[in-house]
Amino acid sequence: MKIGMLGLGTVGGGVAQILESPSGRSPLLPEIKLSRVAVRDLAKSRNVCLPQGIFTTQPEEVIDDPKIALVVEVMGGIEPARTLVLKAIERGKHIVTANKSLIAAHGSEIFALAKDKGVCIAFEAAVAGGIPIIQCLKQSLGANRLRAITGIVNGTTNYILAQMSREGVDFEPALKEAIEKGFAEANPSADIDGIDAAEKLAILTLIGWNLKIDCPQIFTQGIRSIKQRDIEYAKRLNYTIKLLATARIEEKNSLCLHVQPHLVANSHPLASVNDAFNAIFLEGEPVGSLMLYGKGAGAGATASAVVSDILNIVGNSSAFPVLPTTSFQSATCSQEAHSHFYLRLLTDNSPTAAGGITWSLGMFNVVPLSVQQNLTQEGLLEIVIVTQSVFRSTLDNAIRSIVGLPYFKEVANILPILEA
Ligand code: NAP
Ligand code: HSE
């Protein structure tokens, strides 16, 4: 089968390296020939040696080529990727993509056209890099009623948090390293602000529950608010800070969705997931709890998922569900997570501050389980409270009542807690 590729960057380069070195891998690989590759800059040096004649700066030349049966889209972004993918499907070509922004925002349109034209669309690499989570949800766990997905699905932010925690480095140098290692998105704010994780959560919700979620429906908070102080307090309390993407079926059969940093109990399996690794903790009935773990970003891990999609299509695996249904249910989304919370508050150095704040919280039935206070270098009182389990809306009401107190200065951070 002749295939074409849109993009030869971090992921595309990894895919080409696998295709050019089939020995010891799937016996189907030698049947796959990379015959056209679109890039922006022909003069750029590449980490893979391909014949100069296969390059073009015109992506249409890839999708118009009648000999190409499958197009790998690894250019990223919404446009022109969306238009090119739709045109390729119109021309009867199968699609493999690593582009979560495209699938999260335009999946229904793309799947509907793919179904109409009888071609496959596969996107394993769009969520959690090398972890085969899409196949797992659609096939291996198909017998289950899925109750919850809790994932570390962004390698860049996990790398930054791990570096801040282990090495004590600041946010900016840790981000620079993640960019240099090829983990970050073209615009890294997609990683840092939780948007990439929300897109992946939307795809997991689509596959796990056949529910179509628009990313703006997902409460999304990134890691910009996390300071060394929070990391230090978390350590003292036996937690590790992680950016979690969570989808959980609630009692009233609504789905609670959010992306936000959490204090994760050190005894929870997600707490030990470091660097650019991802992990997805699934809860289903009857399987119970299970966790998938692996590299979530970078050339090799992502290319592994892209090439496995290509192989599934080339091998015409009858079990591979490459035509997602278009009859999506619409979800009732709620952000009303119920959990313990960590609060870091700053006040004047007043002897009654901690007592006044805990009393005010108690008036809203927010029960402090532990209270620590320390003087900051600036002479302020830093009060760290871990609460009993409470709805976020209740906590917000309680917080509103304390910000008017005369000694109160700042809510430095509020983070939910994931217990083991
Ligand atoms: P990248 O390194 O920036 O590569 C993008 C490639 O697309 C480059 O080769 C670029 O050409 C080419 N390109 C972009 N716009 C083009 C256009 N208009 N015409 C022709 N070529 C164009 O990006 P990446 O990290 O490989 O990511 C690709 C996709 O995979 C994204 O959707 C990303 O979210 C997803 N993804 C990435 C990772 C990861 O770890 N990096 C993991 C999972 C999924 P030039 O090389 O000439 O600039
Ligand atoms: N920027 C993404 C991440 C790439 O850091 O997880 C993998 O999707």
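Within region 29-46, residues that are more than 8 Å from ligand 1 (Cβ to nearest atom) reach partners that are among the aromatic types (Phe, Trp, Tyr) with beta carbons closer than 8 Å, at six or more positions or on different chains, in the pairs 37/55.
Kindly indicate whether any position in region 146-162 is outside any strand (DSSP E or B), farther than 20 Å from residue 200 by Cα and within 16 Å of ligand 2 (Cβ to nearest atom). Scanning region 146-162 turns up at least one residue that is outside any strand (DSSP E or B), farther than 20 Å from residue 200 by Cα and within 16 Å of ligand 2 (Cβ to nearest atom).
Against the criterion of being within 15 Å of ligand 1 (Cβ to nearest atom) and assigned to a strand (DSSP E or B), residue 107 does not qualify. Somewhere in region 224-240, is a residue part of a strand (DSSP E or B) and within 26 Å of residue 176 (Cβ to Cβ)? Scanning region 224-240, I find at least one residue that is part of a strand (DSSP E or B) and within 26 Å of residue 176 (Cβ to Cβ), so the answer is yes.
Condition check ((1) open to solvent by less than 20 Å² (accessible area, probe 1.4 Å); (2) more than 30 Å from residue 249 (Cβ to Cβ); (3) touching a Pro at 6+ places or on another chain (Cβ under 6 Å); (4) more than 11 Å from ligand 2 (Cβ to nearest atom)) across all residues:
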| residue | (1), (2), (3), (4) |
| --- | --- |
| 126 | yes, no, no, no |
| 140 | no, no, no, yes |
| 166 | no, yes, no, yes |
| 188 | no, yes, no, no |
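Only one of the listed residues (54, 78, 63, 68) is open to solvent by less than 80 Å² (accessible area, probe 1.4 Å), touching a residue at least 12 places away in the same chain (Cβ under 8 Å), in the same structural domain as residue 107 (by TED's automatic domain parsing) and farther than 27 Å from residue 21 by Cα. That residue is 78.
Residues in region 92-109 that are crowded, with 21+ Cβ neighbours inside 10 Å and farther than 23 Å from residue 13 by Cα: 2 in all.
Counting only residues that are of a type in the set (D, E, K, R) and either near ligand 1 (Cβ under 10 Å from one of its atoms) or crowded, with 18+ Cβ neighbours inside 10 Å (or both), region 168-185 holds 2 of them. On the stretch given as region 8-47, residues that are under 18 Å from residue 181 (Cα atoms) and either acidic (Asp, Glu) or within 16 Å of ligand 2 (Cβ to nearest atom) (or both) total 7.
The values are calculated or read from the model by the stated rules, or taken from the named source; none is laboratory data. Every value quoted in this text rests on a predicted model; they were computed, and no experiment measured them. Methodologically, a virtual Cβ is constructed for each residue, glycine included, from the backbone with ideal geometry; neighbour enumeration extends over all protein chains shown. With ligands, DNA and RNA removed, areas are computed over all heavy atoms of the protein, side chains included. Shrake-Rupley method; radii C 1.70, N 1.55, O 1.52, S 1.80 Å.
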